[in-house]
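Read through the structure below, which is laid out as structure tokens, and then see the notes.
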């Protein structure tokens, strides 16, 4: 990046061998600063440095330079490179031993049942297979699953270790950094009654797990309806510890889960909708610890003029705070007016407004461990993304940039973790790959 602040000296007699008089020191000293967008260098207002003693002039120059460098820090861009975490073969049903590997499906020329959001825990990767109602667990360096989490092993996978769990249809997966706690969203055939209410009639069962041939002919798996779900809590060996509902173990199902996140402190964060309101519930060992619920974002006048909705809630370490993103949209055409970022310290803390952005291309990314946050701006051609880094006070600090090499369409989901890691999945040349940007 070119220099954003320049210091030039031009003494009255540059070619003179004598030292300039003290009164002349700094007489031709000028400061230059970058323009607001750092696209040009502009002279600063004239400073009569020759009226000051040399030491005072030097201190003033340094102070001015420091301020200008700090003001332009937001335009620094750190370019990150992808490092491979996992690379696994993807097989179609007519390939040899597909049950032991990531197994895709085909309906004519349409391929589906690819991994959505696999979870890493320790040295393992957990990959859901909704079509067969199972989760495969892979280690590094092998295309074959180490074990399978399911009610029964599929034909052809008899040599793989089974963690026998009534899994239902698996959805989202989360695990802590060491893999000691694993959480799997489960759409079951029937849902338990809500606390204090009679069970009532059982809901219609989910479709039976179709055979690969049925999938290829009808695409039936994609027609499974999304319905309330529970979260199965397993230990690192795949032993079932309990089934989590909205209030903890053995409680009513979640209406709609948006995201699962686990941390190294043993906490599980569930972003879900409760009566259409976005809520972040925090659990430890199957018990509800607390909830970050929504609040009336924006001002009273803005809520009258616009539609205001909490779009996302991201937890901080140990649930000490949460970062909220609210979107304010026009009522007529739903066009974005502003996104507002808040931080809430503690479950009952008062929301603190950190930032407002009217750039519709700036999307909320995630919280930062220090109380700051990320905004993400994707390239128009999909070739990469810019991660804008903000301080706990909402100050724009700098940027991290990722650029997808090779075939752009092969790159799939990019997401941040609680530890600040940036991960991207890829499908390329018959392999499913997971990268970390460093």
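The values are calculated or read from the model by the stated rules, or taken from the named source; none is laboratory data. The model shown is predicted, which means the values in this text are computed figures rather than measured ones. When we count neighbours, we look across all protein chains shown, and the Cβ atoms used for this are built from the backbone with ideal geometry, even at glycine.
Take residues that are modelled with pLDDT under 90 and either surrounded by 22 or more Cβ atoms within 10 Å (Cβ to Cβ) or touching a strand residue (DSSP E or B) at 6+ places or on another chain (Cβ under 9 Å) (or both) and tell me which of the strands (runs of 3 or more DSSP E) falling wholly in the range 115-231 contain 3 or more.
Qualifying strands (runs of 3 or more DSSP E): none found.
Condition test on residue 392, is it more than 25 Å from residue 299 (Cβ to Cβ), outside any strand (DSSP E or B) and touching a strand residue (DSSP E or B) at 6+ places or on another chain (Cβ under 8 Å)?
no
With the condition being over 14 Å from the mean Cα position of the chain (by Cα), I'd like the strands (runs of 3 or more DSSP E) fully within the range 397-438 carrying at least 2 qualifying residues.
Output list reads 422-428, 431-437.
Quick one: count up the residues across the range 284-314 that are part of a strand (DSSP E or B) and more than 23 Å from residue 368 (Cβ to Cβ).
Summing the residues that are part of a strand (DSSP E or B) and more than 23 Å from residue 368 (Cβ to Cβ) in the range 284-314 gives 6.
Can you find even one residue in the range 372-386 that is out of contact with any strand residue (DSSP E or B) (no Cβ under 7 Å at 6 or more places or on another chain) and within 26 Å of residue 293 (Cα to Cα)?
No; the residues of the range 372-386 include none that is out of contact with any strand residue (DSSP E or B) (no Cβ under 7 Å at 6 or more places or on another chain) and within 26 Å of residue 293 (Cα to Cα).
Given the conditions (1) touching a helix residue (DSSP H, G or I) at 6+ places or on another chain (Cβ under 8 Å); (2) over 23 Å from residue 301 (Cα atoms), and given that residue 328 satisfies all but one, which numbered condition is not satisfied?
Unmet condition: (2).
With (1) modelled with pLDDT of 95 or more; (2) closer than 24 Å to residue 426 by Cα; (3) surrounded by fewer than 20 Cβ atoms within 10 Å (Cβ to Cβ) as the list, and residue 347 as the residue in question, which single condition is left unmet?
(2)
Across the range 413-429, what is the number of residues that are farther than 30 Å from residue 266 by Cβ and surrounded by 13 or more Cβ atoms within 10 Å (Cβ to Cβ)?
3
Considering only residues that are crowded, with 19+ Cβ neighbours inside 10 Å and out of contact with any strand residue (DSSP E or B) (no Cβ under 6 Å at 6 or more places or on another chain), which ones fall in the range 251-276?
Passing the criteria: only 263.
Criterion first (under 28 Å from the mean Cα position of the chain (by Cα) and in contact (Cβ under 8 Å) with a residue 24 or more places away in the chain) does residue 106 satisfy it?
Criteria not met by residue 106.
Which condition number in (1) within 22 Å of residue 238 (Cα to Cα); (2) in contact with a helix residue (DSSP H, G or I) (Cβ under 6 Å, 6 or more places away or on another chain) is the one that residue 105 fails?
(1)
Out of the residues in the range 367-389 that are touching a helix residue (DSSP H, G or I) at 6+ places or on another chain (Cβ under 9 Å) and part of a loop (DSSP other than H, G, I, E, B), state the one that is surrounded by the fewest Cβ atoms within 10 Å (Cβ to Cβ).
Filtering first and then ranking leaves 381.
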